[in-house]
Amino acid sequence: MARRWCVPVVSKRFKTIRAGLAPGVGQLSRATGVALLLATVALTFPAAAKWGGFGTSNYYEDAIQRFDEGDFSGAIIQLKNTLKHDVSNLSARILLGEAYVKEGYSAAAEKELLAARKLGGDDALIVVPLMNAYLMQNKYDEVLGIRMPRQMAPTAESMAWFLKGQTHMAMESYTAALLDFEKARDVGPDQALPHVGLARVHLANGQVNAAAASVAAAVRRSDHHFFTWYVKGVVERQKNDPAAAIISFSKALERAPRHLASKIGRASALIETGAFEKALLDIEVVRRVHRNNLYAAYLDAVIKGKTGNRNGARIALNDAYALMRSYDRKDLSRNKPLLFIAGLVSYAQGNLQDAVNYLTEYVAKSPHDAGAQALLGKIYLQRGDVRSAMTMLEEAWSLSSASDSQLAELYGLALMRGGEHKKATEIFEKAYRQSPDNTNLRTMLALNEVREGNQEKAIIDLETVIKDDPLANRAGMVLALMLLREKRFEETLRVAKLLAEREPKNAAPHNLMGAAYWNLGDGERAKASLTRALALNPKDVSVHFNLAQIEIKEGRSADAKKRYQRMLASDLAGVRPLMELARLAAAEGKFKDASVYLEKARSKEPRNRTVQLSLIDMYIRANEVGLALRMTKTTRKERPDDLAVLERAGRIELAAGKPREAAKTFARLGRLSPP
């Protein structure tokens with residue numbers, strides 16, 4: 001995948017809120033640190049003033065006015081004053097319950113509404129706000145246990161069925177939710193929210209186009225409710241249209257400025273469009289109000305990483321990781337959005353095994369989430385498990401569109417590594433037809449040509465890419481490397497110089513220039529170019545390796561050894577410094593010293609085939625037959641059909657005085673060897 005994620009972005013495909021939207025729709029629960037995941041909305045019946053109010057006090061009239069104007073906290077104060085003077089005012093008590101719901105005080109709302117019911121209040125007026133109060137507290141059984149009153153206005157009954165559907169969505173009972181939303185639609189054919197609910201079910205089932213159609217139907221009926229615009233934004237993100245999603249989330253926030261999920265959704269879409277500063281404004285607001293929100297902490301790290309604030313990104317990511325670790329593992333498993341975010345945070349922290357565990361569980365529960373599958377496939381690919389990566393990415397590709405160029409690059413890369421070059425070409429070409437200006441896809445196509453042995457065609461294709469797009473520096477790097485491998489050093493130098501002009505702060509072109517100059521016999525310019533590369537990026541291990549090779553060829557092996565020793569402190573260097581130190585020791589006849597270096601390399605990468613074979617060879621050269629024999633036995637268990645391992649095993653068995661075992665080994669080698 002072209003995008004390099006130091007801190008991975010939650011792309012439009014990663015459905016953090018898609019399939020598992022919050023239990024209700026809109027009000028923010030103040031009793032939890034993950035309000036994004038528990039946010040609920042007060043979907044209330046019309047205000048008490050329009051019911052034909054029972055009270056005439058100034059307190060009550062002022063409360064009604066405040067409620068209608070959206071001043072719910074003020075309404076609460078005045079309604080309490082009303083009830084102090086008249087405890088039997090059912091209209092005021094029911095409206096107080098609604099106001100509490102609007103402000104997110106779900107337990108207080110429940111108390112007032114149950115009290116109103118006990119005092120003989122009309123269930124037709126109580127049911128909807130009470131269901132909302134239950135839903136905000138995740139009291140799903142209580143919501144589903146409420147029976148619809150016989151005398152209930154169609155609008156209110158439609159809302160009640162909608163809330164039952166929301167409850168079933170929270171319980172991941174999508175079939176039941178579908179039936180509830182259909183009943184809500186049938187009872188209230190002019191209502192928008194039932195269609196929004198249907199869109200949520202379609203999203204959960206991976207039916208994005210059907211979800212878009214349902215949201216469109218909702219907007220045609222009414223565009224005043226924020227939740228309609230929120231779900232519309234979610235659908236648009238999944239359809240790879242972040243610009244449209246930003247507009248929809250903004251409209252949701254115009255109608256409900258405190259709706260947390262809309263603010264986070266807009267921030268995610270802004271990240272996708274590269275508007276990091278605007279995204280940060282949204283996330284800073286969220287984090288001020290909800291410091292313990294895991295998703296907000298994660299996005300904070302993403303934005304700061306993208307804007308070069310490494311220290312800020314590290315702090316935010318550590319916050320996210322600490323919040324994630326504060327959850328009980330069973331709680332994470334019960335909450336799909338949290339489970340997915342835990343996978344993202346673990347990946348960003350470099351804990352790949354934890355990321356695999358979380359994401360595997362999440363994908364099993366959300367089989368239609370192509371984004372999660374793509375990330376899991378990416379991790380498999382990073383870990384060298386190409387087959388698992390191909391399987392996971394194939395599933396993600398089947399759920400996505402050809403316009404998803406990032407997924408195409410990732411899936412195609414997995415196919416290339418798995419040797420399926422024709423299929424990789426099909427994927428790249430299909431995606432390229434959808435995105436003809438995507439130079440990364442053209443570059444990947446050229447790389448695939450190389451893997452298929454079409455070097456000259458690949459070089460021509462890359463030259464065309466660079467000619468068509470002056471900013472296609474990645475293609476230029478690939479072209480320069482290919483020309484270097486082809487020993488076309490003058491052409492390598494030309495391309496590398498061009499890249500250095502385009503990216504003066506990039507060390508890589510100077511590194512390539514150093515290699516080209518050296519092979520052209522110009523040692524001084526080679527060292528000057530490599531020194532320049534090192535000044536631009538002192539941690540570039542490839543530059544250090546090239547300088548070490550020059551030092552060795554100039555007879556300065558001691559300097560090369562010191563350089564390799566310094567490189568051992570860098571995780572980026574891998575085992576290569578140890579391998580090079582072993583090679584230098586062997587060249588001096590110090591085979592036991594070389595074996596020690598290789599043993600250290602094996603302890604760092606025990607399954608590295610090159611290290612295993614080199615260590616066997618070094619034991620043989622050091623006349624350590626017993627060690628060589630044990631090493632070959634260990635390696636054969638991991639690689640029973642590896643011809644190079646079998647050949648070495650046969651020779652060592654002969655040297656160890658085991659002719660029968662050697663005969664069996666050589667017989668197996670003969671059977672496995674190609675004719």
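Overview of results
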item	result
Filter result (hydroxyl-bearing (Ser, Thr, Tyr), more than 40 Å from the chain's Cα centre (by Cα) and open to solvent by 50 Å² or more (accessible area, probe 1.4 Å)) within segment 623-657	none
Single match in LYS306, LYS330, LYS336, LYS263 (criterion: over 15 Å from the mean Cα position of the chain (by Cα) and touching a residue at least 12 places away in the same chain (Cβ under 8 Å))	LYS263
Selection from segment 314-334 of residues that are open to solvent by 10 Å² or more (accessible area, probe 1.4 Å), touching a helix residue (DSSP H, G or I) at 6+ places or on another chain (Cβ under 6 Å) and over 21 Å from ILE379 (Cα atoms)	ASP319, LEU323
Hits in segment 511-524 (condition: open to solvent by 30 Å² or more (accessible area, probe 1.4 Å) and either over 13 Å from GLU490 (Cβ atoms) or part of a loop (DSSP other than H, G, I, E, B) (or both))	TRP518, LEU520, GLY521, ASP522, GLU524
From LEU281, LEU299, LEU294, residue being surrounded by fewer than 22 Cβ atoms within 10 Å (Cβ to Cβ) and of a type in the set (A, V, I, L, M, F, W, C)	LEU281
Every pair of residues 6+ apart whose Cβ atoms lie under 6 Å, when the first sits in segment 242-255 and is over 14 Å from PHE226 (Cβ atoms) while the second is surrounded by 18 or more Cβ atoms within 10 Å (Cβ to Cβ) and among the aliphatic types (A, V, I, L, M)	PRO242/ALA269; ALA245/ALA269; ILE246/ALA269
Selection count, segment 181-191, where residues are in contact (Cβ under 8 Å) with a residue 12 or more places away in the chain and open to solvent by 10 Å² or more (accessible area, probe 1.4 Å)	6
Residues of segment 57-82 classified as open to solvent by 20 Å² or more (accessible area, probe 1.4 Å) and either over 18 Å from LEU125 (Cα atoms) or among the hydroxyl-bearing types (Ser, Thr, Tyr) (or both), total	16
Any chance TYR362 is open to solvent by less than 10 Å² (accessible area, probe 1.4 Å), part of a helix (DSSP H, G or I), aromatic (Phe, Trp, Tyr) and out of contact with any strand residue (DSSP E or B) (no Cβ under 7 Å at 6 or more places or on another chain)	yes
Residue among LEU441, LEU413 that alone is open to solvent by 10 Å² or more (accessible area, probe 1.4 Å) and touching a residue at least 12 places away in the same chain (Cβ under 8 Å)	LEU413
Selection count where residues are open to solvent by less than 70 Å² (accessible area, probe 1.4 Å) and either among the hydrophobic types (A, V, I, L, M, F, W, C) or farther than 14 Å from VAL363 by Cβ (or both), scope segment 385-401	11
Candidates TYR140, TYR174, TYR134 - the one that is open to solvent by 50 Å² or more (accessible area, probe 1.4 Å), aromatic (Phe, Trp, Tyr) and at pLDDT below 95	TYR140
Residue match in segment 366-385 (condition: acidic (Asp, Glu) and part of a helix (DSSP H, G or I))	no
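The values are calculated or read from the model by the stated rules, or taken from the named source; none is laboratory data. What you see is a predicted model; the values in this text were computed from it and never measured. Backbone-built Cβ (ideal geometry, glycine too); neighbour counts: all protein chains shown. Just so you know, the surface numbers come from the protein's heavy atoms only, side chains and all, with ligands and any DNA or RNA stripped out. Shrake-Rupley method; radii C 1.70, N 1.55, O 1.52, S 1.80 Å.
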